[in-house]
């Protein structure tokens, strides 16, 4: 792709951007588990901007302690943490249909 085609492609992309509604996550409680301070903070700020109630944890062990007292709707976890984010997601699937929470409520990310 030459420079003119590249600029044309950029122009097409910028004219078709869907704006995110500011409060799409009102009422959603999210537990963010991320061992990198900057990444954890960015996720917190973005999710709060979208209306979510956000609880953060810096490790899988900290997240397990949080989950003893808090029942978030969603768990967002770094799967590449030294203390095993994948294991955290497998172990923390404790949602119960009778409590009004979906059984599976996790997602993972890798930055």
Among the candidates 65, 96, which residue alone is modelled with pLDDT of 90 or more, more than 13 Å from the chain's Cα centre (by Cα) and either at negative phi or crowded, with 18+ Cβ neighbours inside 10 Å (or both)? 65
Failed item, numbered, when residue 46 is tested on (1) modelled with pLDDT of 85 or more; (2) over 13 Å from the mean Cα position of the chain (by Cα): (2)
Odd one out for residue 55 among (1) in contact with a helix residue (DSSP H, G or I) (Cβ under 8 Å, 6 or more places away or on another chain); (2) at pLDDT 85 or above; (3) under 18 Å from residue 90 (Cα atoms): (3)
Return the residue satisfying two criteria in turn: it lies in segment 40-62 and is touching a strand residue (DSSP E or B) at 6+ places or on another chain (Cβ under 7 Å) and in a helix (DSSP H, G or I), and of such residues it is surrounded by the fewest Cβ atoms within 10 Å (Cβ to Cβ). 48
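The values are calculated or read from the model by the stated rules, or taken from the named source; none is laboratory data. This one's a predicted model, so the numbers in the text were calculated from it and none came from an experiment. Don't worry about glycine lacking a Cβ; one is built from the backbone with ideal geometry, like all the others, and counts go over all protein chains shown.
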